[in-house]
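Take a look at the structure set out below.
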Amino acid sequence: MTLAKMSKGNAIFTDKFKENKKLYLDLVENGQHPKVLWVGCSDSRVVPEFIVNANAGDLFVIRNIANIIPPKDAGENCTSSVLEYAVLELKIENIIICGHTGCGGINALIDGTPTDFKIHDWLKHACPAKETAKNSGIDPLELETIKENILLQAKNLLTFDYIEKKHNKGELTIHKWLYRMNSGKISFFDEINNKWFLLK
């Protein structure tokens, strides 16, 4: 996308802004009150607001390579500061960990990355998912690793005391979602049946 196209795109957006002026001005005057924190991948093909047809103000979003949440003891400040703000200040009620098929970060994890690259250090937080997928013997390895990574990052959320506390009290729900790029559909992991089902 060229800068010229983005400039024209903003002109189109400002027209839509006028059409939805009440919504946008309400967000300015009354602040944001999203109920959902979306943890997704940076992949340009996977845009949360498009996937679930959300409006401005509906989602608070973290996007990074392979939708990773480093555990509390990792000492990583970027994602943890977003979690803190979302849960303690915005008081969101749902956290969605959404991975996707064809994830380049997961493919890099499987294929290996140069040890002197930052991505190598980042993907260490997903390594247990790769090992679990390998040990399961389920093919294809890529898809199984993507699924296991979603489950792993959901567990990592619970290493944060304030998240675990709210989750245990029923004030915060963690959802594990898989977005399928070839269909646009979302599957969710059902804890009771220990299976993935299509979201309806």
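The values are calculated or read from the model by the stated rules, or taken from the named source; none is laboratory data. For clarity, every value in this text was computed on a predicted model and none was experimentally measured. Glycine gets a Cβ as well: all are built from the backbone with ideal geometry, and neighbour counts include every protein chain shown.
Details
- Residue within region 172-180 that is surrounded by 15 or more Cβ atoms within 10 Å (Cβ to Cβ), free of Cβ contacts under 8 Å to residues at least 12 places away in the same chain and of a type outside the set (Lys, Arg) present: no
- Flag for Glu191 being surrounded by fewer than 13 Cβ atoms within 10 Å (Cβ to Cβ), under 19 Å from the mean Cα position of the chain (by Cα) and in the same structural domain as Ser81 (by TED's automatic domain parsing): yes
- Residues within region 138-165 that are closer than 16 Å to Val39 by Cβ, buried (at least 18 other Cβ atoms within 10 Å of the Cβ) and not hydrophobic (A, V, I, L, M, F, W, C), tallied: 5
- Residue ID - farthest from Pro128 (Cα to Cα), chosen from residues in region 85-117 that are outside any helix (DSSP H, G or I) and of a type in the set (S, T, N, Q): Asn94
- The residues of region 43-56 that are free of Cβ contacts under 8 Å to residues at least 60 places away in the same chain and either closer than 12 Å to His100 by Cβ or not in a loop (DSSP other than H, G, I, E, B) (or both), listed by number, are Ser44, Val47, Pro48, Glu49, Phe50.
- Single residue of region 28-40 satisfying the filter (under 23 Å from the mean Cα position of the chain (by Cα) and outside any loop (DSSP other than H, G, I, E, B)) that is farthest from Val87 (Cα to Cα): Gly40
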